[in-house]
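Heads up, the thing below is written out as structure tokens.
The values are calculated or read from the model by the stated rules, or taken from the named source; none is laboratory data. Here the structure is a predicted model, which is why all the values come from computation and not from measurement. Here the Cβ positions follow ideal geometry from the backbone for every residue, glycine too, while neighbour counts run over all protein chains shown. These area figures cover heavy atoms from the full protein model, side chains too; ligands, DNA and RNA do not enter into them. Shrake-Rupley method; radii C 1.70, N 1.55, O 1.52, S 1.80 Å.
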Number of protein chains: 2
Amino acid sequence: MPLHHAVMALLADGPSHGYELKGRFEEAIGPQWGGLNIGHLYQVLDRLVRDGHVTRVHVAQSDRPDKNAYQLTGQGRQELREWATSPWVRTSGFRDELFLKLLGAARLGPEALAELVAAQRETYLADIGALTRLRRERGQEPLVALLIDAAVAHTKADLATVDSAEARLADVAHAAVMTGAECGSMDGMEPPGIPPGRRRFPPVEVRRQSRE
Amino acid sequence: MPLHHAVMALLADGPSHGYELKGRFEEAIGPQWGGLNIGHLYQVLDRLVRDGHVTRVHVAQSDRPDKNAYQLTGQGRQELREWATSPWVRTSGFRDELFLKLLGAARLGPEALAELVAAQRETYLADIGALTRLRRERGQEPLVALLIDAAVAHTKADLATVDSAEARLADVAHAAVMTGAECGSMDGMEPPGIPPGRRRFPPVEVRRQSRE
DNA sequence: GTACTCCTGCATTGTCGCAATGTAAGGGCG
DNA sequence: CGCCCTTACATTGCGACAATGCAGGAGTAC
């Protein structure tokens, strides 16, 4: 995710340096985000300097290793304001690895689908449990509480999706078995030419719809 | 997102080549995913070949430009099965750009937050409308219908989040204004040293909690 | 021949994580 | 005191993958 705007948001409170910014970020956004990688952060800071959103000032310290202080520029402040007040518009569709797994499992047959659904269900329940625990620990900060609630809502929606998936995809999964997705072998040899039999999409007719 | 497993899932139906795989993918996963970049796809195929999940066979054609056919190997088939039947476990926390925007807007003050919330609300409503339309057009395929429903559910959850955000973050936003996040100027000069006044996080005491 | 589709590859940018480096403060110990 | 070890602080570099875009060959249709 584009971290650089969030870094600018933190810098709006006053200059800071890489190591401290990591602390500020994790303090502000809460534990459900997951740790912020420090190497990534410095790359982001480099880019912000390069683009003129932030200036770097070297600060010598006697009692500690030197550090680089980063400060928001006027241009950066303006950029931040624009970003923070404009909505997030989905640029690349609804992409979720779960979707791909459902596609794969459905094509593998009903047993594979059932296995995925059951396992995924457990995972989501565990996630919700962990989030609930987090919420108890860090629920005082309003932003953190809000974000945790949002994460829980997402997970519950996902749970409902997988719960309905097995029934709704039963036909697909059953059809997949018949068309040869399951007939193993044919590992190594099978020389060129593409065996023309058993292919569901002959020349496939790529339909370009008017989106994008 | 890790596309390569999905490509393997498509190849489970039989060998294919890059351009056709793009068509198969968009056919199978539906329009809500968004277009698949062809360049990306070839990168993925290269990696699959490198890792032994897929073999490439050059196919000469008289009536068209030559093409490369890709075929799943036994190892690839096994890898596919493992991936498709194991749940997706969130590795990197709940990361949503909306969360970062809320953080940024809240720090900018109540007006910025209100602006973001209103705009985001409109965006989500428009998304839901577009998805509903899609659902009418492509709702026959069970997988596509399921994925669109999942996308709608997610968006509705997001909608609820932003709707509650303004009230729940009012205190944070108000506090932000007082602490100087809004006092403009200080663009260019302001030489080194980091003005020690007006900083909410003096040495900041990075608390490392026991996660990860 | 030129416009177009099919098909592929490369270059570039951004995201993300790990590992390595260097400085300095603090503690134990002969 | 001089030595070593650990911990905290602070930064940098490397490498993999994701994603987009552009260039271009090769054939077809006019």
- Query: Stokes-Einstein at 4 °C, 1.567 mPa s, Kirkwood radius from Cα pairs: D for segment B:1-149 in µm² s⁻¹?
  - Reply: 70
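Give me the percent of the accessible area of segment A:97-178 that comes from carbon and sulfur atoms, probe 1.4 Å, all protein chains in place. Spell out each step's value before the answer.
Working: 1890 of 3200 Å².
Reported share for carbon and sulfur atoms: 59 percent.
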- Mind giving me the FRET efficiency for residue B:49 and residue B:78? R0 is 25 Å, r the Cβ-Cβ distance, nearest 0.05 is fine. 0.90
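So if each residue of separation counts as 0.36 nm, and I subtract the Cα-Cα distance between residue A:114 and residue A:170, what length gain in nm does that give?
Between residue A:114 and residue A:170, full extension yields 19.2 nm more.
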- Item | Between A and B, accessible area buried - total, square angstrom, nearest 100, 1.4 angstrom probe | 10200
- Given charges at Cβ of Lys, Arg, Asp, Glu: segment B:1-134 dipole, positive-most of B:12, B:113, B:74: B:74
- Whole number in Å², please: accessible area per residue of segment B:4-85, 1.4 Å probe, ligands, DNA and RNA not counted. 40
- Task: Run the 1.4 Å probe and let me know the accessible area of residue B:48, rounded to the nearest 10 Å².
- Result: 0
- With r defined as the distance between the Cβ atoms of residue B:125 and residue A:57 and R0 fixed at 41 Å, what FRET efficiency is calculated, to the nearest 0.05? 0.40
- Nearest-20 debye value, segment A:97-178 charge dipole, Cβ charges on Lys, Arg, Asp, Glu: 180
- Assuming R0 = 56 Å, can you tell me the calculated FRET efficiency for the pair residue B:140 and residue A:66, based on Cβ-Cβ distance, to the nearest 0.05? 0.30
- Message: Using the Cα centre of segment B:4-85 as the reference point, and only Cβ charges (+1 on K/R, -1 on D/E), how large is the resulting charge dipole? Debye, rounded to the nearest 20.
- Response: 120
- Task: Past 29 Å, Cα to Cα, is the threshold; run B:22/B:101; A:101/A:156; A:101/B:156; A:22/B:156 against it and keep the listed order.
- Result: B:22/B:101; A:22/B:156
- Query: Per the Debye formula with a single identical scatterer at each Cα and no solvent contribution, what log10 I(q)/I(0) holds for segment A:4-85 at q = 0.15, 0.17, 0.27 Å⁻¹?
  - Reply: -0.52, -0.66, -1.39
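When Cβ neighbours within 10 Å are restricted to other protein chains, what is their mean count per residue of peptide A:31-42?
Across A:31-42, the average partner-chain Cβ count within 10 Å equals 3.
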